[in-house]
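> Sharing a structure, written as C-alpha cells. Questions coming.
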Ligand SMILES: [Cu+2]
C-alpha cells in the first residue's frame, strides 16, 4: 500500500475508533447486571465486581477474566460479531451474554 493510501485508510478508520464505547457490567448480589448486554464491534466491556467474593466472566473459547476480586474489574474488547454466553466459573448459576453487532 502506498503511503498516501495508508494514510487514507487510517483516516477512514478514525471515526470508528472515536465511536468505540465502554459498557459496564456490574456484578452484584451474585448477578451480572445487565444480564444481556448489546455492544458494537470495537467497544469495550468492563465487568466490575461489587460483591465481597470473587467472580469470573468466562465464555469458553472466547474470553476468560480469571478471578475478579472484590472491588476489582476486568476489561474485554469486542472484536467479532455474534452473541457470546458466559458464566461465572465459581457460581455456574450466574449467567450473562454479550451480543456484538
Ligand atoms: Cu461468581
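The values are calculated or read from the model by the stated rules, or taken from the named source; none is laboratory data. This one's a predicted model, so the numbers in the text were calculated from it and none came from an experiment. No Cβ is skipped: glycine too gets one built from the backbone with ideal geometry, and neighbour counts run over all protein chains shown.
> When the residues of the stretch 73-92 are filtered to those that are in a loop (DSSP other than H, G, I, E, B) and touching a residue at least 24 places away in the same chain (Cβ under 8 Å), which remaining residue is farthest from the ligand (Cβ to nearest atom)?
Filtering the stretch 73-92 for residues that are in a loop (DSSP other than H, G, I, E, B) and touching a residue at least 24 places away in the same chain (Cβ under 8 Å), the one farthest from the ligand (Cβ to nearest atom) comes out as 81.
> Taking residue 61 as the residue in question, decide whether it is within 15 Å of the ligand (Cβ to nearest atom), outside any strand (DSSP E or B) and surrounded by fewer than 16 Cβ atoms within 10 Å (Cβ to Cβ).
no
> Hey, any hits in the stretch 18-38 for a residue that's modelled with pLDDT under 95 and outside any loop (DSSP other than H, G, I, E, B)?
Yes: the stretch 18-38 contains one or more residues that are modelled with pLDDT under 95 and outside any loop (DSSP other than H, G, I, E, B).
> So residue 97 ticks every box in (1) surrounded by 15 or more Cβ atoms within 10 Å (Cβ to Cβ); (2) within 15 Å of the ligand (Cβ to nearest atom) but one. Which box is left unticked?
(2)
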